[in-house]
Every structure is written in structure tokens, then in C-alpha cells.
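**Student:** Here it is, the structure in full.
Values quoted throughout were computed directly from the atomic coordinates according to the rules given, and no laboratory measurement underlies them. Since we're looking at a predicted model, the values are computed, not measured. Glycine also receives a Cβ, built like all others from the backbone with ideal geometry; neighbour counts cover every protein chain displayed.
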């Protein structure tokens, strides 16, 4: 990353996190017992006294990497203090550092160093989200969900978010579009069966049925991102076929919902008297069995 971009991102994060970016008073290390607040200090806090952050945006933790971090903690200790806040009730709540907390438990630690700061619910949410966004091992959907929560729950515009995290607005928009993909495409992205490039290309299609068809082709034919983009461009050039009867928005919505739930193309055709038929597409015998299992 260029120095200019790194500096811009650093300024944005410091502006959001305020004093969390400053060096804490490491000379004040001790237990919370006997202290009224401990704000702005690094204290050794018993692990059992720390509540997990309810705003934690990260939902997936790699067990193998957690064990690697735990082994490092056994040897070197917790290098970077966790960030916590004291609730009005006196309880200690984690703001940032759940991965370090989990690894510390695996390492058998009874207490961990924590930087105690003053933060309300919204500040706690912003700090947790920003810290997670900056992690390199976060998957694309987790990043997108973090962006969405910052925008919705912290009342940020795309421009304000761009300035806070040092990312272009187009980058933010690309991640947010991933959240509109059907569940099967999102699962394939989370499981790394398709790449961010594949998912971004599929997000450019408005038709859920086409997204699912292309997903099957990507998985079965091992299509590259360029091949997917070419197929999408080819689809865009085709003229839509004339239809005898235009389907109502509700029927179209039902088709898309069933297609998304079953991860295949579903067509609904209704006759004038109200009766009709449903067509379910399958790619091969294995795919047919998968659909039958779902129906059962």
C-alpha cells in the first residue's frame, strides 16, 4: 500500500477511535479490584470477568489459527492488550480483541492485559467493526456486513465511511452488493469455492435465476472470473425473448425465492383458470437427488 493511502487510512481510524489509537498508560498495570474505573490504563483482568462484545461482527473463527495464536501466547504472552469498557453495572465488557481472548483461554491464561476506555454502545460498536474490517483474514461477506452495520447502525453515509476506513466508495459498494446475492452464492464465497471476483461478477446480474445458473457452471466447469464476465457480457447483448404473458411481480418474486432456497432454476406457469405447473431444473442426477432431499 502506498504511504499516502496508509496515512489517510490511519488518520480516518484515529478520528473514529479517538483515544484508542493513543499509547495507553502502561505503567498502571494491576487488578480491577480496589479501582473505581481504571479508564485509560492497562490492567490485568481475570478472563472470567470479561463479557463478550454483543456487537462483535466476526462470526467465524479458524480453529487452527486460534491454536497457533494460543501457542504464541503461551510463549510470549498477550503482546497487544485487549480493549474493554466498564458498564454502569460495573461489569467489564470486551470492545475489541475477541480472537485474542479466545486464544488466551486456549493457552490456559487466567487473566489478560486490557486497555480500559470510556465508550458508550455506539462507540463500542464502531470500534469493534473498525478493528475487524482492518483484519486481513476476514472473509468478504464479514467485511460487507461490517460496512452495512456501520452505515445503518452508526448513521454513516458511504462518503463518511470511506473517509473513516480509508477505502474508496466503489470498494465499499462492491462489498455491500455481495450481501444481496442468493444464500447459495454467499455460501460458496464463504467456503472459498468461488472467489471475490466471481461473486462480484454475479452481483452484477439482477436475475437470481441467472446468478444460480452461472454459479453451477462456475463450480462444475471451473470457470475463471474472466470467463464468467464474458458470459455475462454475452447475456447482456441478447435481446429478451417475447413472452406470451407477462408474469405478475408476486409470481416473479415466488420464482426467485424458490430458486434461491433450492439453489436451482424454478419456473411457475399459471393458466387463466388459476391452475398451473412448476418446473424445477436440475443439472445432473446428483443435483436431482439433492433437490429431492430438500423436498422431503
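**Student:** Can you order the peptides 63-73, 189-199 by their average number of other Cβ atoms within 10 Å per residue, highest first? Don't skip to the end; give the middle numbers.
**Tutor:** Details: 63-73: 14.0, 189-199: 17.2.
My ranking of the peptides, most packed first, is 189-199, 63-73.
**Student:** Let me ask you something else. Just grab the label-to-label distance for residue 44 and residue 236, each label 7 Å out from Cα along the Cβ direction, in nm (one decimal).
**Tutor:** Roughly 6.1 nm, to one decimal.
**Student:** Something else now. Applying 1/(1 + (r/R0)^6) with R0 = 45 Å to the Cβ-Cβ distance of residue 180 and residue 91, what FRET efficiency is obtained, to the nearest 0.05? Kindly include the intermediate steps, with their values, before the conclusion.
**Tutor:** On the way: r = 38 Å, r/R0 = 0.84.
Efficiency at R0 = 45 Å is approximately 0.75.
**Student:** Shifting gears a bit: What full-extension length gain, to one decimal in nm, is calculated for residue 75 and residue 251 as 0.36 nm per residue of separation minus the Cα-Cα distance?
**Tutor:** Details: separation 176, 0.36 × 176 = 63.36 nm, distance 6.11 nm.
Result for the pair: 57.3 nm of gain on full extension.
**Student:** Going by the alpha-carbon gyration tensor, a ≥ b ≥ c the square roots of its eigenvalues, is segment 249-295 rounded (a/c under 1.5) or, if a/c is not under 1.5, prolate (a/b greater than b/c) versus oblate?
**Tutor:** Numbers: a/c = 2.83, a/b = 1.86, b/c = 1.53.
Prolate shape, in that a/c is at least 1.5 and a/b is the bigger ratio.
**Student:** Separate question: Given the peptides 78-88, 151-161, arrange them by the average over their residues of other C-beta atoms within 10 Å, most packed first.
**Tutor:** The most tightly packed comes first, giving 78-88, 151-161.
**Student:** Rounded if a/c is under 1.5, else prolate if a/b beats b/c, else oblate: with a ≥ b ≥ c from the C-alpha gyration tensor eigenvalues square-rooted, which is segment 108-195? Numbers along the way, then the final one.
**Tutor:** Values: a/c = 2.35, a/b = 1.32, b/c = 1.78.
Oblate shape, in that a/c is at least 1.5 and b/c is the bigger or equal ratio.
**Student:** I would also like to ask the following. Provide the gained length on full extension for the span residue 118 to residue 63, in nm with one decimal, where the gain is 0.36 nm per separating residue minus the Cα-Cα distance.
**Tutor:** So the extension gain works out to 16.6 nm.
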